[in-house]
Amino acid sequence: MCNSNRNILILASWTVVLSIPLAAHHGTAVSYDQSKALSVKATVTDFKYANPHPSIYFDVKDEKGNVVHWSGEIAPNAAQLQQEGWGKKRSEAALTPGTEVTITLAPSRAGTPVGLINKIVGPTGESILGLTPLGAPAPGAETKQ
């Protein structure tokens, strides 16, 4: 094999090897279904402002009145949230345990009580978080009480 072909093969091999971690980063479109976005009335149980993505934990009552424990991933990382003015202190103050909120999320494709958070609205209707990294929720998103 000539040097030119060998160099191209080596370069192509390294390109594939180095691109695998980029593809391996969890793809939100693979894990969550934006076409089935829904809004739920929830009570915050915990909030973690951490990398790679902040997480919120909350309780939702199902149709039978049973409490279902949910968790949600906030797609922008902590640095991106800070650029939008949502630092750790502000986020933790707005999302203390016991806070009643309405959360719009893209549910897990696996059917588990996990979602990608699109929007969080506080008890008086104020927008707490309105970043929608994968686009706005589907018009007429289903609402659960």
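The values are calculated or read from the model by the stated rules, or taken from the named source; none is laboratory data. Keep in mind the model is a prediction, meaning the values are calculated, not measured. Positions of Cβ are backbone-derived with ideal geometry, glycine not excepted, and every protein chain shown enters the neighbour counts.
The one condition from (1) of a type outside the set (A, V, I, L, M); (2) surrounded by 10 or more Cβ atoms within 10 Å (Cβ to Cβ); (3) at pLDDT below 90 that N5 does not meet is (2).
Looking at region 14-31, can you tell me whether even one residue there is within 21 Å of L129 (Cβ to Cβ), part of a strand (DSSP E or B) and modelled with pLDDT of 80 or more? Taking every residue of region 14-31 in turn, none turns out to be within 21 Å of L129 (Cβ to Cβ), part of a strand (DSSP E or B) and modelled with pLDDT of 80 or more. Within region 62-101, the residues that satisfy the criterion of being assigned to a strand (DSSP E or B) and either under 16 Å from K119 (Cβ atoms) or at pLDDT below 95 (or both) are W70, G72, E73, I74, E100, V101.
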